[in-house]
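Asks: Structure in structure tokens, see below.
The values are calculated or read from the model by the stated rules, or taken from the named source; none is laboratory data. Remember, predicted model here, so these are calculated numbers, not experimental data. Reconstructed Cβ throughout: ideal geometry from the backbone, glycine too, with neighbour counts over all protein chains shown.
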């Protein structure tokens, strides 16, 4: 059942009211010599009124004033009227509330004034500052909540985009591998069964090992080695592959399948299109949380312009890096017969 009062917001005003109550209790106890219990009850009586008045003003009156209207001048006039009424409630209203408390024998007269105006002024000195006190603390609270909500939304958006990129990369990787197996099957190669076995190992890894945010470097090395072994089945001894690594800690955490797009790119867009002396040279080093991954591969010699056009794998990798790290560099360089991609990551800069 939906209630008229927002419980969470009312609790906020209660906490702000308690802070204001504590402030005035301290002021009264320092300046006055009246009975302690009477001072406490007087301030609690005022606390009840000020919480209700300020909650109504900020949670109901101001939202009504801020509604979109045909003429903005109406909003200005309504605000001035609402603010004036709030000041009246925090002065004359406070006086009426004080008088009501006296009639109920809850509020104790500790000070006497020579005129009605002085009595109202003494109540206004407590009531009017409360408008600004409640307003400022409410604004600070709402600003912090908005900032937290914005931050949460930004993180959720990044996670959604990252998952989308991964969902693109994994099928892209699998489709290319299936194409390789198709080529072997079409040629009725005896290597087709072995390639299917290796693909099943890769699929098992992708299904059961890459669900988390991180995997160990040694697991990433394994998937790279399995992929290279699968690719080698398509080529004869003319293909030269060199894969070496220098890793300080094999348990160092990495996002899963982060490096495989560069290896895949070397085979799909390099070696597969090279007629003479195809090669792939891969080096990975991870030391002092600095990762350097370099992949060189042969490409068909071209006499035209050496423009590098990033495919979906490289584009997705670059965007994933932007979402995952603040300190990284992904560079690609195309020569006449060699294509080089280099990835450098400060693993400590993970967002």
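Asks: Return only the number of the condition from (1) outside any helix (DSSP H, G or I); (2) surrounded by 11 or more Cβ atoms within 10 Å (Cβ to Cβ) that residue 44 does not satisfy.
Replies: Every condition holds for residue 44 apart from (1).
Asks: Hey, among 120, 128, 102, 76, which residue is in a helix (DSSP H, G or I), closer than 30 Å to residue 63 by Cβ and out of contact with any helix residue (DSSP H, G or I) (no Cβ under 7 Å at 6 or more places or on another chain)?
Replies: After ruling out the rest, the residue left standing is 76.
Asks: Could you tell me how many of the residues in region 273-297 are buried (at least 17 other Cβ atoms within 10 Å of the Cβ) and either under 17 Å from residue 234 (Cα atoms) or modelled with pLDDT under 85 (or both)?
Replies: So the count comes out to 5.
Here's the yes/no breakdown for (1) at pLDDT below 90; (2) under 19 Å from residue 48 (Cβ atoms); (3) surrounded by 11 or more Cβ atoms within 10 Å (Cβ to Cβ); (4) assigned by TED's automatic domain parsing to the domain that holds residue 45:
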residue	(1), (2), (3), (4)
66	yes, no, yes, yes
70	yes, no, no, yes
74	yes, no, yes, yes
101	no, yes, yes, yes
110	yes, yes, yes, yes
114	yes, no, no, yes
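Asks: Related question: Regarding region 144-155, can at least one residue be identified that is modelled with pLDDT of 85 or more and in contact with a strand residue (DSSP E or B) (Cβ under 6 Å, 6 or more places away or on another chain)?
Replies: no
Asks: Evaluate the following for residue 241: is it more than 34 Å from the chain's Cα centre (by Cα), at pLDDT 75 or above and farther than 13 Å from residue 260 by Cα?
Replies: Yes; evaluated as a whole, the condition is true for this residue.
Asks: Could you count how many residues in region 156-205 are modelled with pLDDT under 65, over 20 Å from residue 264 (Cα atoms) and in contact with a helix residue (DSSP H, G or I) (Cβ under 8 Å, 6 or more places away or on another chain)?
Replies: Qualifying residue count for the region: 2.
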